[in-house]
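Heads up: the structure comes next, in structure tokens.
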Amino acid sequence: MRITRYAAGFAAAGLLLAGCASEAGNQAEEAPETTAEVEEVEFPEGSTMAEIVEAGELRVGTKIDQPGFGLANTAGEPEGFDVEMAKLIAAKMGLSEDQITFTETVSANREPFLVEDRVDIVVATYTINDKRKELIDFAGPYYEAGQDIMVAAGNPENIEGPDDLAGKSVCSVEGSTPAENIRTNYPEAELVLYDAYSKCADDLRNGNVDAVTTDNVILTGFVAGAPDAFELVGNPFTEEPYGIGVQKGEDEFRDFINDVLEEAYENGTWAAAWDKTAGAITGTEAPEPPSVNRY
């Protein structure tokens, strides 16, 4: 597996997650075995799938600072549920893991990376919404999360939900749906923005902000890695369907990925991917997979 990095400041920040690189937060000292089995397949000439196979490389945008979904391990390789979804797609194209190039993405550059053809797909806790569909298309969803709030252990500010963020400093990530939700619907909160949630976790740990908000499954990974420092409010207040981003108009490619997801739901590989990544960290069993939306 290869990974390229575009988001500035990740290495400088030392982000194998300061406090989240312990026990569950570090996911594993050794990367888990993939659930994907490489298949021999043929695709119509001129299709995106055929072009990717001919190039011998699937270019994947993913995050590398989110325990359970996309986190760089001690070898610098990404692992997590999002990564496993990319492996499943590659395997169904007849590509092995070493034919995947992972490019680090942050929330703000997911659409640009697709529009500029830097990646073939983005699998990065990527909420499907209409605004994003103006620029790109989505396969999936492959998981449904909900926005929640992480606070310091003991919840010293008594934050029980988004209405309690008024007058409080809350950290999120630029270009994310959680940040936009706070900006639009809870304007009395003092919004602090970074390019990565791990920086928000550092600020919360150091007492620089009162809370961190993003999707519950992302926050759960941080809490699992540092239970003495963080806790989850546990009151989700949105629905966040995660999709796999592709370039606009790639209908055939999107249909192919949706077929891969539905097969993975039925044969158990989706659940197996969850169990060894996000499930292993959070201690939760695989939920019912969401229904694919073939819009």
Practice task
Scan (1) surrounded by 19 or more Cβ atoms within 10 Å (Cβ to Cβ); (2) at pLDDT below 95 for the single condition residue 82 breaks and write down its number.
Solution key: (2)
Handout entry: Boolean, residue 274 is at pLDDT 95 or above and touching a Pro at 6+ places or on another chain (Cβ under 6 Å)
Key = no
Handout entry: The lone exception for residue 132 - which of (1) closer than 27 Å to residue 250 by Cβ; (2) assigned to a strand (DSSP E or B); (3) of a type outside the set (S, T, N, Q) it fails
Key = (2)
Practice task
State whether the residues of segment 155-174 include one that is touching a residue at least 12 places away in the same chain (Cβ under 8 Å), touching a Pro at 6+ places or on another chain (Cβ under 6 Å) and among the hydrophobic types (A, V, I, L, M, F, W, C).
Solution key: no
Practice task
Being closer than 18 Å to residue 125 by Cα and either at pLDDT below 95 or of a type in the set (Phe, Trp, Tyr) (or both) is the filter; apply it to segment 178-205 and report the residue that is surrounded by the most Cβ atoms within 10 Å (Cβ to Cβ).
Solution key: 197
Handout entry: Check on residue 175, in contact with a Ser or Thr (Cβ under 7 Å, 6 or more places away or on another chain), at positive phi and surrounded by 14 or more Cβ atoms within 10 Å (Cβ to Cβ)
Key = yes
Problem - Candidates 170, 212, filtered to the one that is at pLDDT 95 or above, over 19 Å from the mean Cα position of the chain (by Cα), over 30 Å from residue 265 (Cα atoms) and of a type in the set (Val, Ile, Thr) - result: 170
Handout entry: Leading residue by the ranking (surrounded by the fewest Cβ atoms within 10 Å (Cβ to Cβ)) among those in segment 246-272 that are more than 13 Å from residue 120 (Cα to Cα) and of a type in the set (S, T, N, Q)
Key = 267
Problem - Residue check for residue 91: without any contact (Cβ under 8 Å) to a residue 40 or more places away in the chain and within 24 Å of residue 263 (Cβ to Cβ) - result: no
Exercise for the section: Look at segment 114-126 and say how many of its residues are surrounded by fewer than 24 Cβ atoms within 10 Å (Cβ to Cβ) and touching a residue at least 40 places away in the same chain (Cβ under 8 Å). Expected result: 3
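Sort out which residues of segment 93-108 are of a type outside the set (A, V, I, L, M) and surrounded by fewer than 21 Cβ atoms within 10 Å (Cβ to Cβ), and write them in order of number. First the steps, then the outcome.
Here is the first cut: in segment 93-108, the residues of a type outside the set (A, V, I, L, M) are 94, 96-99, 101-105, 107.
Answer for segment 93-108, where residues must be of a type outside the set (A, V, I, L, M) and surrounded by fewer than 21 Cβ atoms within 10 Å (Cβ to Cβ): 94, 96, 97, 98, 99, 101.
The values are calculated or read from the model by the stated rules, or taken from the named source; none is laboratory data. Every value quoted in this text rests on a predicted model; they were computed, and no experiment measured them. Using ideal geometry, Cβ is built from the backbone for each residue, glycine included, and neighbour counts are taken over all protein chains shown.
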